[in-house]
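Below is the structure I would like to discuss, written out as structure tokens.
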Amino acid sequence: MIARFLIYGVGIAAFLAAPHLFAEYHLFQFCLIAATALVVLGLVVVTGLAGQISLAQAAFVGLGGYGPAILATSWGVPLWAAIPLMALGVGAAGFVLGQMTLRISGHYLALATMAFTAIVQLSFIHSDPVTGGAAGMPVPPLRLLGVTLSNGGQLYYVILPTTVLLFVLVRNVLQSRFGRALTAIRQSETAAEAMGLNVLRYKAAAFASSGFLGAIGGALLSLLSTYLDPGQFGITQSVYFLAIAVVGGMTSPLGAVIGSAMFILIPDFLQSFQSYLGLVFALLLLGFIVLRPNGLAAMGPRLVEWVSHRHRVVRR
Amino acid sequence: MTQALLRIDDVGVRFGGIVALDGVSLEVARGSIRAVIGPNGAGKSTMLNVITGIYQADRGALIFEGEKINSRAPHMIAQMGIARTFQNTELFGEMSAIENVMVGLDRYLSYGLAGSMRHGGHFRRCETTARREAQALLSLVGLADDASIPAAALPFGKQRRLEIARALATRPKLLLLDEPAAGLRAAEVESLNTILLKLRAEQGLTIMVIDHVMALVMAISDRITVLNFGRKIAEGDPATVRQSPEVIRAYLGEKAAAHAIGS
């Protein structure tokens with residue numbers, strides 16, 4: 001119990017100290033990692049836990065970005081209200097999309113979710129009057145309690161706590177009967193049904209939460225980039241999110257954070273390498289699929305095991 | 001009340017041109033142990049899959065506790081109180097043995113989504129109770145010491161028993177066992193018999209078992225139904241069925257049967 005409070009205390013202290021220790025650019029990057037991690041967390045739920053391959057994540061992210069921006073510019077709805085509202089709507093869309101899993105599964109489901117992303121992207125491009133068409137649209141800054149939060153250093157105070165809160169909630173749900181049910185469904189749908197689980201509803205709920213998390217993450221990303229370009233919400237981007245999930249580790253929320261950190265920090269270290277970045281990511285993805293299908297997050301416990309084993313051997 | 005727990009009335013199932021079940025009728029009385037036997041391809045597993053809603057019956061009626069269960073979804077049938085095990089074991093391989101059982105208990109955990117987000121007191125009490133109940137079920141089937149082992153890592157005989165524990169966790173009225181003794185050693189069949197008889201005696205559980213292993217079928221069943229080519233060819237207590245010429249013919253073939261009966 002004391003250790004727990006200590007961890008909380010250190011966490012809060014680190015959260016408050018960071019703005020004084022890091023440059024604004026770094027805070028911006030923390031925010032980017034956090035928002036991306038939320039998007040990927042949605043994939044951890046639907047693909048990692050429930051086993052349904054989804055390429056709809058970029059569409060959810062796009063809807064989460066465009067929706068609040070349109071609500072704010074055209075209807076004057078404040079962003080702080082529009083973002084969760086839109087996320088609930090996208091979650092509902094995810095639930096409907098999840099109903100498809102009644103008829104299709106596996107590769108066909110992946111293709112269907114890919115089609116969903118393509119349709120959503122096309123509708124962004126062809127709805128010029130509200131979305132600005134292919135040219136995109138600016139995102140109004142977030143105003144909270146009369147303060148305008150426009151740069152990474154300011155958004156940090158909103159994005160980090162939101163991410164931490166959602167991560168804790170999702171982790172808690174996954175460590176309950178709902179997480180067990182999703183894991184069971186991934187391993188044997190037939191047996192899960194025979195246990196009385198409503199498999200379709202669980203799968204649809206997994207899609208709904210991936211939609212909700214993707215939309216929140218998308219909204220936060222749009223606040224950081226301040227501009228929505230429909231080119232960012234295509235199938236390639238969906239694959240990018242899936243790659244982050246694979247490298248980080250599909251089956252644990254922690255994997256979403258680790259993967260996002262890797263994919264956002266690597267370009268920084270490889271600045272001179274910029275034009276080969278796609279190749280680096282592709283090789284990473286390939287390497288992990290072949291050699292470490294459970295991702296980086298699963299390597300932690302094994303590392304601890306290995307170290308403690310070595311330790312024991314040395315002592316002996 | 002003498003109403004049967006499960007009544008199968010003239011049920012037929014065909015897959016394209018193949019008739020898997022051809023007008024089979026049978027009644028399973030409450031608290032009884034019923035065996036269904038027959039050569040390979042006789043339609044035994046098909047019958048189990050029709051009862052549990054995996055296949056649909058093309059004709060006939062399936063009535064459980066007076067309610068028609070044809071065309072109900074498998075999870076609804078499970079919720080009505082029919083649990084099953086699988087011929088080739090369908091465990092949740094990556095999950096530990098106790099978690100497998102806890103999936104069966106899912107419906108009896110009374111916290112909702114909000115409760116699971118908070119991990120509050122009610123949540124913890126529910127989880128603790130469920131874990132204790134799951135542990136008790138593992139002990140019942142002799143897996144008390146294997147609770148934390150991933151299901152896929154258990155030896156085959158233990159996987160079979162884990163399936164039974166998981167099925168029992170749903171608190172069924174009717175337990176369907178699909179070849180529970182296949183591939184088990186004689187001693188393991190013995191202990192399985194003991195478990196099944198104990199379940200019936202202590203909880204009044206009704207059991208329907210499909211198997212080839214006569215050491216199990218003959219020792220525990222009250223009545224045996226024999227299927228061949230999707231038809232019921234005999235029914236009765238073990239002694240009657242054992243002597244039925246139809247059954248001997250189905251199992252041994254025409255010539256051998258003539259010889260066996262003639263001698």
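Laboratory data are not the source of any read-out in this text; all were calculated from the coordinates shown. What you are looking at is a predicted structure, and each value in this text was computed from that prediction instead of being measured. Methodologically, a virtual Cβ is constructed for each residue, glycine included, from the backbone with ideal geometry; neighbour enumeration extends over all protein chains shown.
Set the Förster radius R0 to 51 Å, insert the Cβ-Cβ distance between B:D237 and B:R125 as r into 1/(1 + (r/R0)^6), and round the FRET efficiency to 0.05.
On the way: r = 47 Å, r/R0 = 0.92.
Computed FRET efficiency for B:D237 and B:R125 comes out at 0.60.
Still on this structure, I have one more. If you take every residue apart from B:M76 with its C-beta less than 11 Å away from the C-beta of B:M76, what net charge results, scoring Lys and Arg +1 and Asp and Glu -1? It would help to have the intermediate numbers written out before the result.
Values: positive: B:R72; negative: A:E193, B:E67.
Neighbour charge sum, excluding B:M76 itself: -1.
Next up: Work out the FRET efficiency for B:R107 and B:L197 from their Cβ-Cβ distance, taking R0 = 22 Å, and round it to the nearest 0.05.
On the way: r = 27 Å, r/R0 = 1.22.
Efficiency, rounded to the nearest 0.05: 0.25.
Another one. Got the relative contact order for chain B handy, in percent, Cα pairs under 8 Å and 6 or more residues apart? Write down the numbers at each step before the final one.
Values: 477 pairs, mean separation 68.5, N = 263.
Result for chain B is 26 percent.
Same structure, new question: Out of A:Q237, A:V147, A:G259, whose Cα points farthest toward the positive end of the dipole of chain A (charges: +1 Lys, Arg; -1 Asp, Glu; placed on Cβ)?
The residue sitting farthest along the positive end of the dipole is A:G259.
Hey, another quick one. Quick check for me: using +1 on Lys/Arg Cβ and -1 on Asp/Glu Cβ, what's the dipole size of the stretch B:96-171 about its Cα centre, in debye to the nearest 20? The partial results should precede the final answer.
Numbers: 11 positive and 7 negative charges, 38 e Å.
With only Lys, Arg, Asp and Glu charged at Cβ, the dipole is about 180 debye.
What net charge is computed for the residues neighbouring A:Q99, neighbours being all others with C-beta under 10 Å from the C-beta of A:Q99, Lys and Arg scored +1, Asp and Glu -1?
On the way: positive: A:R103, A:R201, A:K203; negative: none.
Net local charge, A:Q99 excluded: +3.
Going by a ≥ b ≥ c, the root eigenvalues of the Cα gyration tensor, does the stretch A:1-147 fall in the rounded group (a/c under 1.5), the prolate group (a/b larger than b/c) or the oblate group?
Taking the square roots of the gyration eigenvalues as a ≥ b ≥ c, the stretch A:1-147 is oblate.
Tell me the net charge near B:G104. Cut-off is 13 Å between Cβ atoms, B:G104 excluded, with +1 for each Lys or Arg and -1 for each Asp or Glu. If you can, show how the numbers build up before the last one.
Working: positive: A:R177, A:R180, B:R84, B:R107, B:R131, B:R166, B:R171; negative: A:E193, B:E90, B:E99, B:D106, B:E133, B:E163.
Cβ neighbours under 13 Å give a net charge of +1.
Ok, one more. Let me spell out the model: positive unit charges on the Cβ of Lys and Arg, negative unit charges on the Cβ of Asp and Glu, origin at the Cα centre of the stretch A:25-315. What dipole size does that give, in debye rounded to 20?
Details: 13 positive and 6 negative charges, 197 e Å.
The dipole magnitude comes to about 940 debye.
Using the basic label-point model (7 angstrom from Cα toward the beta carbon), what is the A:L277 to A:D128 distance in nanometres?
3.1 nm
Let me ask something additional. Roughly how many nanometres apart are two label points built 7 Å out from the Cα toward the Cβ at A:H20 and A:D268?
Those two pseudo-labels are separated by 2.1 nm.
Over the Cα atoms of the stretch B:96-171, what is the Rg over Rh ratio if Rh follows Kirkwood?
Result: Rg/Rh = 1.02.
Just tell me which lysines come within less than 18 Å, Cα to Cα, of B:K44; anything on the same chain fewer than 8 places away is out.
In chain and number order, the partners are B:K232.
Output the antiparallel fraction of DSSP beta bridges having both residues in the protein assembly as shown, as a percent to the nearest 5.
Details: 25 of 41 bridges.
Here the share of antiparallel DSSP bridges comes out near 60 percent.
For an R0 of 41 angstrom, estimate the FRET efficiency from the Cβ-Cβ distance between B:R59 and B:A114 and round to the nearest 0.05.
On the way: r = 46 Å, r/R0 = 1.13.
Efficiency computed from Cβ-Cβ geometry: 0.35.
In a Gaussian network model over chain B where Cα atoms closer than 10 Å are linked, find which of B:F86, B:F15, B:F64 has the largest mean-square fluctuation.
With Cα springs under 10 Å in chain B, the top fluctuation among B:F86, B:F15, B:F64 is at B:F15.
Taking 0.36 nm per intervening residue step and subtracting the Cα-Cα distance, what contour gain separates B:S139 from B:M218 on full extension? Walk me through the numbers before you get to the answer.
Details: separation 79, 0.36 × 79 = 28.44 nm, distance 2.59 nm.
Taking B:S139 through B:M218 to full extension adds about 25.9 nm, to one decimal.
Still on this structure, please answer the following. What relative contact order, as a whole-number percentage, does chain A give when Cα pairs under 8 Å and 6 or more residues apart are counted? Each step should come with its number before you reach the end.
Details: 465 pairs, mean separation 100.5, N = 316.
Relative contact order here is 32 percent.
Under a 10 Å cutoff between Cα atoms, tell me which one of A:V304, A:V130, A:V45 has the largest fluctuation in the Gaussian network model of chain A.
A:V304
If you take the charge dipole of the stretch B:1-130 about its Cα centre, with +1 on Lys and Arg Cβ and -1 on Asp and Glu Cβ, which of B:F86, B:G121, B:L5 is farthest toward its positive end?
The Cα lying farthest towards the positive end belongs to B:G121.
Is the stretch A:105-163 rounded, prolate or oblate when judged by the Cα gyration tensor, a ≥ b ≥ c being the square roots of its eigenvalues, rounded requiring a/c under 1.5 and prolate requiring a/b larger than b/c?
The shape class here is oblate.
Now, a different point. Can you show me the helix-derived [θ] at 222 nm for chain B, built from DSSP H runs with n ≥ 4 at -39,500 (n - 2.57) apiece and divided by the number of residues, rounded to the nearest 500. Mind dumping the intermediate values first?
Working: 11 runs with 111 residues, N = 263.
That comes out to -12500 deg cm²/dmol.
Using only the Cα atoms of the stretch A:76-134, build the gyration tensor, take square roots of its eigenvalues as a ≥ b ≥ c, and label the shape rounded, prolate or oblate: rounded if a/c is under 1.5, else prolate if a/b is larger than b/c, else oblate.
Details: a/c = 3.98, a/b = 1.49, b/c = 2.67.
Because a/c hits 1.5 or more and a/b fails to exceed b/c, the stretch A:76-134 counts as oblate.
Let me ask you something else. In nm, to one decimal, how far is the modelled label at B:F229 from the one at A:V164, with both set 7 Å along Cα→Cβ?
7.4 nm
Another question, if that's okay. Taking chain B as a Gaussian network, where each spring joins two C-alpha atoms under 10 Å apart, which residue of B:I63, B:I82, B:I51 fluctuates the most?
Greatest mean-square fluctuation among the candidates belongs to B:I63.
Mind listing the Cα extents of the protein assembly as shown along all three principal axes, in Å, largest one first?
Its Cα atoms span 97, 67, 47 Å along the three principal axes.
Using only the alpha carbons, work out the radius of gyration and Dmax of the stretch A:178-222 in angstrom.
Reported Rg and Dmax, both Å: 13.3, 44.
Let me ask something additional. About the Cα centre of the stretch B:167-237, what is the dipole size in debye to 20, counting +1 per Lys and Arg Cβ and -1 per Asp and Glu Cβ, all else neutral? Numbers along the way, then the final one.
Details: 8 positive and 9 negative charges, 47 e Å.
About 220 debye.
Can you give the % of DSSP beta bridges in chain B that are antiparallel, to the nearest 5?
On the way: 20 of 36 bridges.
Restricted to chain B, the bridges split so that about 55 percent are antiparallel.
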